[in-house]
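What follows is a single structure, written as structure tokens, with notes after it.
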Amino acid sequence: MIYLDYAATTPVDPRVVEKMLGFLGPDSCFANPASRSHRLGWQAEAAVESARKQVASLINADVREIVWTSGATESNNLAIKGGLAGLRKQGGELGERRHIVTSLTEHKAVLDCFESLESEGYEISYIRPDTSGVVTVDLLSQSIRKDTALVSIMHVNNETGVINPVMELGELVKRQGALFHVDAAQSAGKIPLDARTIQADLLSVCAHKIYGPKGVGALFVRRTSDFSVEPLIHGGGHERGMRPGTLASHQLVALGEAFAIAQASQRHEYEKLTELKTRFLRPLLLRDDVKVNGDLINSVPGIINLSFLNKDGQLLLAAMPDLAISSGSACTSANMAPSHVLKAMGVTDEAALGSLRFSFGRFTTEREVDQALTRLTTALDKL
Ligand SMILES: *Cc1c(COP(=O)(O)O)cnc(C)c1O
């Protein structure tokens with residue numbers, strides 16, 4: 001199999017696996033990081049705090065601004081529901097606001113979270129992006145209001161790779177005094193990401209999109225007296241009361257290591273992926289039955305979303321059984337509904353159903369890209 005589905009998840013980097021193994025077995029640093037009564041506990045705590053530094057460093061945050069979670073889905077829920085609950089609890093003008101804004105191209109972890117808030121009295125505005133998939137400042141300014149409590153916009157889209165102008169968006173959100181949440185699951189470690197300059201109050205990341213294990217992530221919570229995040233679950237007061245439960249030390253050191261490796265190799269990998277993208281796309285762009293969804297320039301190099309004229313995506317997939325690629329996003333490919341992201345960008349149902357996402361990563365080789373290209377062009381010519 002040729003694995004070209006890095007946007008769905010990545011393998012764990014062998015250096016990260018090695019690190020993780022030091023926190024599992026009987027001779028390892030397996031103790032509970034919350035155990036204060038013995039040295040093994042202190043050692044585990046030191047390792048977890050060192051991982052916190054690695055995560056904070058990648059996004060230019062303070063260690064006290066990092067809250068551990070089980071992944072970006074939980075980070076998004078904690079940011080949005082916990083952030084709004086914090087505002088309500090604190091009261092005042094901000095606590096009275098009941099309008100929230102997001103975009104139609106968000107991950108389901110954000111969209112479903114917003115939907116659940118409707119029954120709690122929140123009014124939602126969904127921004128439709130421009131045809132290249134970007135949420136522009138103009139579009140946000142048409143939706144944001146004086147009573148907007150929170151705005152949630154993703155940094156990089158998981159289906160198209162398109163990059164939103166989060167810095168300019170953050171400026172507008174802060175001018176309105178609302179909370180700004182950014183889902184950065186697809187950008188952390190891949191392109192420069194600075195929680196300070198984008199003025200994020202809340203920012204979600206996870207490990208498994210950047211060569212760490214599944215089931216672990218973090219939420220950046222800006223240190224300020226303006227707002228606080230209420231926990232979604234209760235029990236023990238860990239993570240400064242925002243997220244209780246025994247810390248998954250093996251997962252957390254792995255997340256830290258994955259982020260540290262990404263920080264060191266980000267520029268090099270960006271260049272390598274850009275070369276692979278060009279290598280893959282150059283011959284395809286000469287064909288008149290292939291169309292790129294999104295924006296070739298304003299996107300991360302690892303994600304390429306294509307539509308094929310008069311071709312069924314499922315038949316194409318079936319014609320390339322040794323390629324691990326995605327039709328729509330992995331989360332929605334169980335049902336055959338056209339991708340909500342492509343639909344929001346104005347792509348027709350037919351073209352959306354015929355779309356495929358190729359995503360490259362750290363272990364993708366030129367040879368694999370060439371083979372994928374041959375499989376695809378053969379399948380296109382045959383069907
Ligand atoms: C993968 C992903 C998520 C979900 O992250 P999990 O860690 O799998 O819960 C959320 N948002 C985006 C943009 C993603 O790509």
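Remark: relative contact order (the chain) = 24 percent; criterion is Cα-Cα distance under 8 angstrom and separation of 6 or more residues. If you take the Cα centroid of segment 159-177 and the Cα centroid of segment 215-263, the two points sit 23 Å apart.
Ordering LEU247, GLN90, THR378 by the projection of their Cα atoms onto the charge dipole of the chain, which places +1 on the Cβ of Lys and Arg and -1 on the Cβ of Asp and Glu, puts LEU247 at the extreme positive end. In terms of the mean number of neighbouring beta-carbon atoms within 10 Å, the peptides 124-131, 63-70 order highest first as 63-70, 124-131.
Normalised by the number of residues in segment 1-155, the mean separation of alpha-carbon contacts (under 8 Å, six or more apart) gives a relative contact order of 16 percent. Here is how the number arises for the chain: DSSP H runs of 4 or more residues each give -39500 (n - 2.57), the sum is divided by the residue count, and the result at 222 nm is -11500 deg cm²/dmol. Ratio of Rg to Rh for segment 107-234: 0.94 [Cα atoms; Kirkwood radius as inverse mean 1/r over pairs].
Let a ≥ b ≥ c be the square roots of the eigenvalues of the Cα gyration tensor of the chain; is it rounded (a/c under 1.5), or, if not, prolate (a/b larger than b/c) or oblate? It comes out oblate by the Cα gyration axes.
For segment 297-383, the square roots a ≥ b ≥ c of the C-alpha gyration tensor eigenvalues yield an a/c of 1.5 or more together with a/b not exceeding b/c, which makes the shape oblate.
The gain in end-to-end length when the SER265 to ASP147 segment is fully stretched comes to 38.2 nm, 0.36 nm per residue minus the alpha carbon separation.
Let me know the charge dipole size of segment 14-260 about its Cα centre in debye, to the nearest 20, where only the beta-carbon of Lys, Arg (+1) and Asp, Glu (-1) is charged. Write down the numbers at each step before the final one.
Numbers: 26 positive and 28 negative charges, 117 e Å.
Magnitude of the dipole: close to 560 debye.
With only alpha-carbon pairs counted, each pair once and no self-pairs, how large is the Kirkwood hydrodynamic radius of segment 1-105 in angstroms?
Values: mean 1/r = 0.0568 Å⁻¹.
It works out to 17.6 Å.
What translational diffusion coefficient, in µm²/s and rounded to a whole number, does the Stokes-Einstein relation yield for segment 26-182 at 10 °C and a viscosity of 1.306 mPa s, taking the hydrodynamic radius as the Kirkwood radius over Cα pairs?
Numbers: Rh = 17.5 Å.
D = 91 µm²/s.
Derived scalar couplings between HN and Hα for segment 59-71 equal 10, 6, 10, 8, 4, 6, 9, 9, 10, 6, 9, 8, x Hz in order, rounded to whole Hz, by the Karplus curve 6.51 cos²θ - 1.76 cosθ + 1.60 (θ = phi - 60°), x for Gly and Pro. How big is the gap, in Å, between the Cα center of segment 181-207 and the Cα center of segment 62-89? When both Cα centres are located, 13 Å separates them.
Within the straight-line cut-off of under 20 Å between alpha carbons, the lysines reachable from LYS209 are LYS19, LYS53, LYS108, LYS190, LYS272, LYS277, sequence neighbours fewer than 8 places apart in one chain being disregarded.
For segment 145-198, the Kirkwood estimate of hydrodynamic radius, built from reciprocal distances between every pair of different alpha carbons, is 11.6 Å.
Any read-out appearing in this document is the output of simple, stated calculations on the displayed coordinates, not a laboratory observation. For clarity, every value in this text was computed on a predicted model and none was experimentally measured. Positions of Cβ are backbone-derived with ideal geometry, glycine not excepted, and every protein chain shown enters the neighbour counts.
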